[in-house]
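Undergrad: Pasting a structure below so you can have a look.
The values are calculated or read from the model by the stated rules, or taken from the named source; none is laboratory data. Note that the structure is a prediction, hence the values are computed from the model and not measured. Note that we place each Cβ from the backbone using ideal geometry, even for glycine, and neighbour counts take in every protein chain shown.
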Amino acid sequence: MEPSQVIKLLAEIGIILLLFEVGLNTDIRQLAKSGWQALFIAVSGFLWPFVFGFSLSHWLFERSLLESLFIGGTLTATSIGITIRVLTDLKRQHSHEAQVVLGAAVIDDILGVVLLAVLYDFFAGWRNQHRQCPTSHRFDRHVLCFGTAVC
């Protein structure tokens, strides 16, 4: 095993342990109380990076539509583990503000994963059909599913 592989393995184990610790220390009832505030922050934190990432890559860097959608989608991810670790170090992990931030990060990550899964499925279907233009009823179905997941 090369040193870079060992470091990668240790990093992955560290992330898993950190997220496990976050899950153990999270109070779901308190997290649910943050409700609308967390939802608003999450949707904003999802839409702005997606829109800017897509817009810049598509119009400024002239990337393809699908490629630009993927770039926008990858920019929506947050780092729950690091956020909670910082709040824990500051001994603020159970404050109302921390619960709003955690709730927003969870919702934001769910939206990002759903978006990337839909884009991947769409791209795989488009690629299998060998179409020149990725517009079809399949695209409409994915937009409908994504819109439902966001709402």
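Undergrad: For region 10-58, enumerate the residues that are within 17 Å of Ala77 (Cα to Cα), touching a residue at least 24 places away in the same chain (Cβ under 8 Å) and not hydrophobic (A, V, I, L, M, F, W, C).
TA: Gly45, Pro49, listed by residue number.
Undergrad: Right, next: Take the residues in region 22-42 that are of a type in the set (Gly, Ala, Ser) and in a helix (DSSP H, G or I), then tell me which one is farthest from His94 (Cα to Cα).
TA: So, considering only residues that are of a type in the set (Gly, Ala, Ser) and in a helix (DSSP H, G or I), the one farthest from His94 (Cα to Cα) is Ala42.
Table: residues versus (1) surrounded by 14 or more Cβ atoms within 10 Å (Cβ to Cβ); (2) within 18 Å of the chain's Cα centre (by Cα); (3) not hydroxyl-bearing (Ser, Thr, Tyr).
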| site | (1), (2), (3) |
| --- | --- |
| Pro3 | no, no, yes |
| Leu17 | no, no, yes |
| Val22 | yes, yes, yes |
| Asp27 | no, no, yes |
| Phe46 | yes, yes, yes |
| Phe52 | no, yes, yes |
| Trp59 | no, no, yes |
| Glu62 | no, no, yes |
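Undergrad: Also, I was wondering about something else. Run down Thr83, Thr78 and say which single residue is part of a loop (DSSP other than H, G, I, E, B), modelled with pLDDT under 90 and either touching a Pro at 6+ places or on another chain (Cβ under 6 Å) or hydroxyl-bearing (Ser, Thr, Tyr) (or both).
TA: Thr78
Undergrad: Here's another thing I want to ask about it. Does Gly73 qualify as being out of contact with any Pro (no Cβ under 7 Å at 6 or more places or on another chain) and in contact (Cβ under 8 Å) with a residue 12 or more places away in the chain?
TA: Taking the combined requirement at face value, the residue satisfies it.
Undergrad: Also: Check region 125-146 and report whether any residue there is within 29 Å of Ala32 (Cβ to Cβ), modelled with pLDDT of 80 or more and surrounded by fewer than 16 Cβ atoms within 10 Å (Cβ to Cβ).
TA: no
Undergrad: For region 64-89, name all the residues that are farther than 30 Å from Gly14 by Cβ and either buried (at least 16 other Cβ atoms within 10 Å of the Cβ) or charged (D, E, K, R) (or both).
TA: Residues satisfying the conditions are Glu67, Ser68, Leu69.
Undergrad: Let me ask something additional. Which members of region 86-110 meet the condition of being assigned to a helix (DSSP H, G or I), over 13 Å from Ala38 (Cα atoms) and in contact with a helix residue (DSSP H, G or I) (Cβ under 6 Å, 6 or more places away or on another chain)?
TA: Selection gives Leu87 alone.
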